[in-house]
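One structure below.
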Amino acid sequence: MQTEFAHAQAQRYLAQRNRFAGLSAILAATSVLGIGAAITRDEQVVLVPVTAETLTVSSGGIDTHYLELVTRDTALMLLNRSPESLDYWMEQILKVADPAAHGRLKADLVKIVDEQRGSDVSQAFVIRSMVVDTKSLTATVTGTLKTFVGAQVIASQERTFRFAWAKRGLSLGLTGFEQITTDEEQPS
């Protein structure tokens with residue numbers, strides 16, 4: 001009688017062990033599928049809208065419209081400056097700088113600040129057109145750059161600037177900017 005009881009008890013434990021093993025196999029397969037989906041799926045962040053449409057940034061690539069908006073805001077921030085706001089101006093530009101380019105950009109900005117500090121020279125930029133390249137992460141901005149001394153406009157010239165970006169994770173960082181000299185702007 002005790003052997004029958006022991007055998008029945010062993011059969012129950014064996015069945016229970018088999019159910020736990022099956023459940024463990026199902027959980028392991030689900031975990032592997034979940035991890036695989038998380039690794040291969042593009043990560044997305046929903047951005048606070050600055051336009052009428054919703055913007056997202058994906059780890060799969062930079063959207064043309066997003067690159068245009070970031071470049072627009074950076075170009076306006078960089079090219080609109082006055083002596084009264086130079087420290088704030090430089091601080092804001094460096095916030096969007098790529099960490100690898102931070103030192104070089106700061107050196108360029110310090111030169112501008114040193115030249116402009118204590119003067120009455122301000123400048124304003126009005127964007128006319130922009131061409132973005134999401135493959136090379138560059139944008140070319142063309143517009144009118146007006147230079148003021150006090151309230152007097154002393155120059156109003158068409159200028160073109162190129163902005164270079166680097167992607168780190170889901171964010172863009174400014175790696176450089178330069179004025180592009182066209183044939184019209186070169187002295188004869």
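The values are calculated or read from the model by the stated rules, or taken from the named source; none is laboratory data. If you're wondering where the values come from, they're calculated on a predicted model, not measured in any experiment. Because the Cβ atoms are built from the backbone with ideal geometry, glycine has one as well, and the counts that use them run over all protein chains shown. These accessible areas exclude ligands, DNA and RNA; they are computed on the full protein's heavy atoms, side chains included. Shrake-Rupley method; radii C 1.70, N 1.55, O 1.52, S 1.80 Å.
Checking the structure you have, find out if any residue of the stretch 50-71 is exposed (fewer than 11 other Cβ atoms within 10 Å of the Cβ), more than 22 Å from GLU178 (Cα to Cα) and modelled with pLDDT of 85 or more. No, the stretch 50-71 contains no residue that is exposed (fewer than 11 other Cβ atoms within 10 Å of the Cβ), more than 22 Å from GLU178 (Cα to Cα) and modelled with pLDDT of 85 or more. When the test is whether a residue is modelled with pLDDT under 90 and more than 25 Å from ILE112 (Cα to Cα), THR30 does not pass it. Scanning the stretch 81-89 finds no residues that are basic (Lys, Arg), closer than 27 Å to GLU158 by Cβ and outside any strand (DSSP E or B). Of the set (1) surrounded by 16 or more Cβ atoms within 10 Å (Cβ to Cβ); (2) in contact with a helix residue (DSSP H, G or I) (Cβ under 7 Å, 6 or more places away or on another chain); (3) part of a strand (DSSP E or B), all apply to LEU78 but (3).
Contact map, the stretch 135-149: first residue farther than 13 Å from THR64 by Cα, second residue open to solvent by 30 Å² or more (accessible area, probe 1.4 Å) and outside any strand (DSSP E or B), Cβ cut-off under 6 Å, separation 6 or more or different chains; pairs are VAL149/ASP120.
Within the stretch 107-138, the set of residues being in contact with a strand residue (DSSP E or B) (Cβ under 7 Å, 6 or more places away or on another chain), open to solvent by less than 50 Å² (accessible area, probe 1.4 Å) and among the aliphatic types (A, V, I, L, M) comprises ALA124, MET130, VAL132, LEU137.
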